[in-house]
Amino acid sequence: MTTVGETSEQRLIRLCRKGDRSAQKALYDRLAPKMFPVCIRYVGDRDAAEDLLQDGFVTLFSRLDSYKGDGSFEGWARKVFVNTALMYLRKKDALKMSEELDSARNMASVYSTQVQDIGYKELMKLISSLPTGFRTVFNLYVLEGYSHKEIAEMLDITEVTSRTQLSRARIWLQNKIKGTGNV
């Protein structure tokens with residue numbers, strides 16, 4: 001039964017909260033195509049991203065009561081999936097910010113117009129091949145819109161480390177785009 005003035009999304013959420021399996025399937029079908037790319041951006045591996053997607057939906061359905069209707073549901077769901085990915089990376093100890101790419105420090109960080117010459121899929125593939133620490137900060141800052149302060153709190157690092165990782169990620173990407181491969 002639909003409540004007066006209730007949108008289809010609100011109805012779907014209400015039914016999911018009641019444990020309606022067909023509503024849960026409908027919500028999964030609606031969100032999965034949008035959340036899978038989020039998962040793959042963080043882990044860079046299709047199999048791990050599929051596992052994350054499932055874990056994210058388990059979390060989403062178990063925490064559905066915490067969505068109060070403020071803001072977009074999709075935005076709230078995206079945060080659930082980002083947090084699920086971050087928890088996965090923490091468990092794998094993949095967020096240790098390493099100095100493995102020391103040469104990045106010495107490279108010029110001039111923005112390359114070559115970025116404009118590559119397609120979206122190519123760019124996303126490059127982002128997914130970033131070292132884990134770089135990729136995580138890059139995704140959170142550039143694609144999710146978090147501040148360095150928020151990232152530092154989420155990852156238990158300093159703001160300076162967040163800025164450094166972002167800068168190194170950009171240099172790494174620029175070098176890959178230029179074709180030097182020199183990271």
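On the given criteria, is Arg14 free of Cβ contacts under 8 Å to residues at least 24 places away in the same chain and out of contact with any strand residue (DSSP E or B) (no Cβ under 9 Å at 6 or more places or on another chain)? Don't jump to the end; show me each part of the working.
Working: free of Cβ contacts under 8 Å to residues at least 24 places away in the same chain: yes; out of contact with any strand residue (DSSP E or B) (no Cβ under 9 Å at 6 or more places or on another chain): yes.
When the stated conditions are applied, Arg14 passes them.
Of all residues in region 65-92, those satisfying the criterion of being within 16 Å of Ile151 (Cβ to Cβ) and not charged (D, E, K, R) are Val82, Asn83, Ala85, Leu86, Met87, Leu89. Taking the numbered list (1) free of Cβ contacts under 8 Å to residues at least 60 places away in the same chain; (2) closer than 19 Å to Arg41 by Cβ in turn, Thr136 passes all entries but (1).
Computed from the coordinates by the stated procedures, all read-outs in this text should not be read as laboratory data. Since we're looking at a predicted model, the values are computed, not measured. Glycine also receives a Cβ, built like all others from the backbone with ideal geometry; neighbour counts cover every protein chain displayed.
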